[in-house]
Amino acid sequence: MTIVKTTYNRRSFLKSTALAGGGMVLGFSWLASCKPTPEQVLNMPKEWFTINGYLKIGENGMVTIMSPNPEIGQNVKTSMPMIVAEELDIDWNSVLVEQAPLNTAIFTRQLAGGSQSIRQGWQSLRMAGATARQMLKEAAAQAWQVPVAEITTDKGVLTHKNSGKSAGYGEMASAAAKIPVPEEVALKDIKDFTIIGTSRKNVDGLNIVTGKPLYGLDYQKEGMLIAMIAHPPAFGLKLKSIDATSAKAMPGIKDVFTIKTFNEDYEKSAFDNSAFTDLVVVVGNTTWEVMNAKTAVQIEWEQAPDTTTNMSLFGRSMTLNFPAGMENTDSHNAKMSELAAKPGKVVRKDGNPEAAFKKAVKVIERSYSCPFLAHNTMEPMNFFANVTEDGAELVGPVQTPEFMERSVAERLGMPLEKVDIQMTRMGGGFGRRLYGHFLTEAAVISQKMKAPVKLVYSREDDMTMGVYRPSYHAYYRAALDADNNLIAFHVRTGGIPESPLAANRFPAGAVENYLAEDWTIDSNITVGAFRAPRSNFIAGAEQSFLDEVADAAGKDPIEFRLELLNRAQENPVGENNDYEASRYAGVLELVKEKSGWGKDISNVHRGVSAYFCHNSYVAQVLDMVIKNGKPVVQKVYCAIDCGIVVNPDAAINLAEGGVVDGIGHAMYSAITFRDGVPEQNNFDRYRLIRHSEAPKAIDVHFVQNNIDPTGLGEPPFPPIMGALANALYKATGQRHYHQPFISERQVVG
Amino acid sequence: MNILFTHLIIMANFSLNINGKTQQIDVDPATPMLWVLREHLNLVGTKYGCGISQCGSCTIHVSGVAVRSCQLPVSSVGNQSVTTIEGLSEKGDHPVQKAWLEHDVPQCGYCQAGQIMTASAFLKNNPNPSDEEIEAAMNGNICRCGTYTRIKAAIKTAAKTENA
């Protein structure tokens, strides 16, 4: 049993209230138990909140747990309440989960926690459940005049064994609400868990399979108009003028005009990221009418000048350069190759890499690259806004409501408290909805129309609007001595416009002589966080390279990695190594065992990969067969260490999705540019993985331990790209260096 | 641009048979069924994903056949029976819906109505499909979350219960 203080830091806060009709409400703060690392800060507001969740126990014993966090498909709406229910000691069937409204008396702030929800929320959620349980026990002890220590709970029932008295939680809830919140409470032993670690179905499952209105695009309001935007067809262009005479005369059209997303003097936050801030707007009665009228607007575009933008992120100011010009993928690739051939900025250096490379017996050198990617959430960007003199009401899918509240308030010239943002379930996020320019646009349009408006992006508008995964490049060099020991490792990465380098990750710490450098290229193409930012490229590149190094050393690729991890464990090189070598080795050992690695299976070609990012460890083995002359992914084995697994079946689902999504993006997807124009604007030219291309089976295993849980939305996604490349090599004899593999013309080797 | 030409959209009245009910609407005959369902009839379970029949999010049944509603003009439907996800079953207990729940398929869930509509029409014609047949039938429905392996498992479960 663990005793925790309910007021262990200033952000943890519990408040009890009696319900008017009987029952109790316990307000609490989840996501408050860990100090964020700089990486996690991206998903969190600067000023935390006091209370953002609550549980309510009704007279009838039904427990409502409010989920304040928006659901983007990562299952938090189910798994986070499971943690509360566990410590409350209630039957899961008596629990209702509701999505919290925004700006009620109870909630002061809400946000999307990204991959950090479970990790950040773990302690607070447990504490909230345990506190309510303790208060119920004390209420019962007072009612029955017995010592509180003699009261036990089981599935929502309080019992005093000696006197034979028992009562449901509902009967004691009113009295419990009047008990002062205890200063410390006991948490359950992990071995006593009955809900955590058992699979529970998605609480929204029935609503989803029956087509209930859950998403932003489904939102409707009396008198609501539909708005669409037109943005420049190419990066490097801006709006010059419009002639909307014809469009305005079309049926159902209310108005056509231009807007500026931001005021001239506004200092953007990183989440205001948008390439195109002068937009054409068409407003009408229905989406179909507006879509038609959009094609009738005559728009002139002109070259945009060089621009420099200051952006603030948690008080830190960043200057971003957007050079003038119409960019091309061919020249991007040429520039990246050019910079990759020169020394970059040294980020980490251990030992004497130059000397080690000189005395090496074998040197292996390889380069890898990947294109820009569009997020392509299945639900395109959209938002509802109703701006009146009294305030602004906004409803829709966004991952950063608190930031957008500020953007909207400043743009409209309204105080913050007059801006209400309500979150809907999201048809995918993957990082795209961190960048909420569409809220500000919707608000400006509604203000101008003096009417409620739903802004709808067409798929084409969405895919060509920017905020892409950057294009990256990585150059690797490894030195082997006469005994095939890895004596030096060199990584030099860069990208447009950012570098994917993670200098302190493996194999840093495992190699005596280590050098990590990077470089960047400015661009007017905007980028943003995309599922496992930076790791989504560097993992695959590094794991493909290690495969070749193992091959050159004549070693089994798993044994080779384990040797290095052993070195990092026993005698780490340098400081700040950003991984636990034993847990890293643990997932490799597990995937080795589960896949039966080392056995030759006829016609099966295997690739392995392992990576650590976003606090979780993942190793994968991908089995490929050749069927009708084509490589087919027969099976993927996935071993994960994310600590305690809260909702195993949902966790497996996320891991399966990460594997499928990773294979798809490495294999098929790209945004390329010709004179600034994205050459893909819909799913006819942008290839996402489809049913027949998905692995035939995915076998997910978890390392069993009692470590506090970490997230799963991102970690299974990056490494599979390496396992795929390595299996493709075994199956076809060709190494793959440049994503998407399907279009790779170049064979290096 | 010829201004007169752009005015030549003439509204027309259509009597549609949707989920067993007759519905009257006045719209431009070229309006895709997707938008008729979503914005004129308030049936928002049918989703907009691409508008060019590439992603399958908007799949409905027309005379029992799976059709992408984003490119189906309302004028071409006539008196054929149209079924949307809202009309697939009364209580969400169609064997395909039940199988989806049993396998807890959805992640974000946005594409799943389209997946279910494609799968249910497919199983009606092919009650005992092979894996390859399932893949071929479902290839027009994209899921960015990557739930394909579960969708396939759910379709197999639904086939078993329908045949039982």
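All of the numbers you see were taken from the coordinates with simple rules; none came from a lab. In this text, all values refer to a predicted model and were calculated from it rather than measured experimentally. Using ideal geometry, Cβ is built from the backbone for each residue, glycine included, and neighbour counts are taken over all protein chains shown.
Quick look at the values:
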| read-out | value |
| --- | --- |
| Filtered chymotrypsin sites (Phe, Trp or Tyr not before Pro), the range A:667-749: DSSP coil and at most 10 other beta carbons within 10 Å | none |
| Exposure proxy ranking, count of Cβ atoms within 10 Å, fewest first, for A:D91, A:D390 | A:D390, A:D91 |
| 222 nm mean residue ellipticity, helices alone, for the protein assembly as shown (DSSP H n ≥ 4; -39,500 (n - 2.57); rounded to 500) | -8500 deg cm²/dmol |
| Sparsely packed GluC sites (Glu not before Pro) within the range A:180-278, loop by DSSP, other Cβ within 10 Å at most 10 | A:E183, A:E222, A:E264 |
| Rounded, prolate or oblate (a/c below 1.5 giving rounded, otherwise prolate when a/b exceeds b/c) for the protein assembly as shown by Cα gyration tensor | rounded |
| Positive-end residue of A:A409, A:N706, A:A541, charge dipole of chain A with Cβ unit charges | A:N706 |
| Furthest towards positive pole of dipole, B:I60, B:T22, B:L72, structure part the range B:3-87, Cβ charges | B:I60 |
| Neighbour cut-off at most 12 other Cβ (10 Å), DSSP loop, GluC sites (Glu not before Pro), the range A:512-615 | A:E575 |
| Average other protein chain Cβ within 10 Å of Cβ, residues A:691-701 | 5 |
| Shielding by other protein chains, B:77-87, mean Cβ within 10 Å | 1 |
| Given A:K635/A:K730; B:K21/B:K47; A:K268/A:K335; A:K418/A:K450; A:K630/A:K730, the pairs whose alpha carbons are separated by over 23 Å | A:K268/A:K335 |
| Cβ-Cβ FRET estimate between A:S582 and A:I742, R0 fixed at 41 Å, reported to 0.05 | 0.65 |
| Per-residue Cβ neighbour rank within 10 angstrom, fewest leading, A:S79, A:S743 | A:S743, A:S79 |
| Nearest-20 debye value, the protein assembly as shown charge dipole, Cβ charges on Lys, Arg, Asp, Glu | 600 |
| Additional length obtainable on full extension of the chain from A:E575 to A:K178, 0.36 nm per residue less Cα span | 137.7 nm |
| Whole-number percent relative contact order across the range A:598-711, with pairs defined as alpha carbons under 8 Å at least 6 apart | 31 |
| Total charge dipole magnitude, the range A:323-418, about the Cα centre, Cβ charges on Lys, Arg, Asp, Glu only, Debye to nearest 20 | 1180 |
| Mean separation of Cα contacts under 8 Å (6+ apart) over length of chain A, as relative contact order % | 13 |
| Mean Kyte hydropathy of -1.0 or more with a Cα span along the axis of at least 24 Å, helices from DSSP in chain A | A:117-144, A:535-553, A:648-667 |
| Between helix B:148-163 and chain B: long-axis angle, C-alpha atoms, 0 to 90°, nearest 10 | 80 |
| Karplus 3J(HN,Hα) series, Hz, for the range B:123-131 with 6.51 cos²θ - 1.76 cosθ + 1.60 (x for Gly, Pro) | 5, 5, 8, 9, x, 9, x, 7, 4 |
| For the range B:81-155 and the range A:666-723, distance of Cα centres in Å | 21 |
| Derived scalar couplings ³J(HN,Hα) [the range A:681-696; Karplus, 6.51 cos²θ - 1.76 cosθ + 1.60; whole Hz; x for Gly, Pro] | 10, 7, 6, 6, 10, 8, 8, 9, 4, 10, 3, 5, 9, 6, x, 6 |
| Chain lengthening between A:A341 and A:K191 when straightened (0.36 nm per residue, less Cα-Cα) | 48.5 nm |
| Residues A:N285 and B:S75, FRET efficiency given R0 of 22 Å [Cβ-Cβ distance, rounded to 0.05] | 0.70 |
| Prolate/oblate/rounded call for chain B, Cα gyration tensor, a/c under 1.5 rounded | prolate |
| Amide hydrogen neighbours beyond the local backbone of A:T424, cut-off 5 Å, H modeled | A:G396, A:V398 |
| Sorted by Cβ neighbour density within 10 Å, fewest at the top, the residues A:S16, A:S331, A:S523 | A:S331, A:S16, A:S523 |
| Which of A:P380, A:T153, A:S337, positive extreme of dipole for the protein assembly as shown (C-beta unit charges) | A:T153 |
| GNM flexibility winner over chain B from B:G51, B:G140, B:G109 (Cα, springs under 10 Å) | B:G109 |
| Relative contact order %, chain B, counting alpha carbon pairs below 8 Å whose residues are six or more apart | 22 |
| Residue-averaged beta-carbon neighbours from other chains (10 angstrom radius) around B:38-47 | 5 |
| Net charge dipole size for the range B:95-163 [Lys, Arg +1 and Asp, Glu -1 on Cβ; Debye, nearest 20] | 160 |
| Contour excess over end-to-end distance, with Cα ends at A:N263 and A:N310 and 0.36 nm allotted per residue | 15.6 nm |
| Phi-based couplings in Hz for the range A:320-326 (Karplus 6.51, -1.76, 1.60; Gly and Pro marked x) | 10, 9, 10, x, 5, x, 10 |
